[in-house]
Amino acid sequence: RELQTVLQEAGLAGVDELKGLVQAKRQAEEAQKSEMQKLQERAAQLEKQLADAAEKQKALMTQNDIAAKAAKLGIIDPDAAYRLLDTSKLEYDEAGQPTNSEALLTALLKDKPYLAGSGSSTMNPAKRAVDDIDPVLLAARKAAGLGKGK
C-alpha cells in the first residue's frame, strides 16, 4: 500500500502532518522530562533541608543534655566540657537523646579535673574560705585595725 493512503486512513493529511505530530510528541516528552527533573531537584533540596534541620535539632539536644549532666557532675564550665568531649563517642536513643553522655563526662573529669573547679593555677587560683585569707592580706588588715574582714 502507498504511504499516502495509510496516512489518510489514519486521519492524517500527509507526511508533513505526521512529521509535525512526531515533533510535537517529542517536545511534550522533553517538557515532561524537564518538569520531572525540576520536581526531583526540589525534592532533593527539601530532603537536604530536612536533614540539616534534624542535625541541628540533634546538636541542640546534645548540648542541652551535656549542660544538664555537667551541672549535675559539678563541672563549672559546661561549654568547655562540651568542646572537650569526644562527641564521636556519643550514643543516641531512637529519639535522638544521648544515652552515654554522663559516662563520657565522668571520664572527661578524670582526665581534666580542673573542669570541676577543684584545681588551682596562677590563671585559676583556688577559692579560699574567709578563715584562710592570704597571710599578707591578714597582716595588712590587722595593721589597719580591720580584723579578718568579710
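The values are calculated or read from the model by the stated rules, or taken from the named source; none is laboratory data. Here the structure is a predicted model, which means the values were calculated and not measured. Here the Cβ positions follow ideal geometry from the backbone for every residue, glycine too, while neighbour counts run over all protein chains shown. Side chains are part of the model used for accessible areas, which takes the heavy atoms of the whole protein and leaves out ligands, DNA and RNA. Shrake-Rupley method; radii C 1.70, N 1.55, O 1.52, S 1.80 Å.
Some points to look at:
- The listed residues are Lys56, Lys38, and the only one of them that is farther than 30 Å from Lys110 by Cβ, open to solvent by 100 Å² or more (accessible area, probe 1.4 Å), within 17 Å of the chain's Cα centre (by Cα) and free of Cβ contacts under 8 Å to residues at least 12 places away in the same chain turns out to be Lys56.
- Within region 107-142, the set of residues being of a type outside the set (Asp, Glu), exposed (fewer than 11 other Cβ atoms within 10 Å of the Cβ) and modelled with pLDDT of 75 or more comprises just one member, Lys110.
- Among (1) part of a loop (DSSP other than H, G, I, E, B); (2) surrounded by 10 or more Cβ atoms within 10 Å (Cβ to Cβ) - the single one Gly11 does not satisfy: (2)
- Those residues of region 82-98 which are over 13 Å from the mean Cα position of the chain (by Cα) and either acidic (Asp, Glu) or open to solvent by 90 Å² or more (accessible area, probe 1.4 Å) (or both), in sequence order: Arg83, Asp86, Lys89, Glu91, Asp93, Glu94
- Note on region 51-86: residues that are part of a loop (DSSP other than H, G, I, E, B), of a type in the set (A, V, I, L, M) and in contact with a Ser or Thr (Cβ under 9 Å, 6 or more places away or on another chain) amount to 2.
- Yes/no for Ala13 being over 24 Å from the mean Cα position of the chain (by Cα) and either of a type in the set (A, V, I, L, M) or under 30 Å from Gln97 (Cα atoms) (or both): yes
- Members of region 64-76 found to be in contact with a helix residue (DSSP H, G or I) (Cβ under 7 Å, 6 or more places away or on another chain), touching a residue at least 12 places away in the same chain (Cβ under 8 Å) and within 21 Å of Tyr114 (Cβ to Cβ), listed by number: Ile66, Ala67, Lys69, Ala70, Leu73, Gly74, Ile75, Ile76
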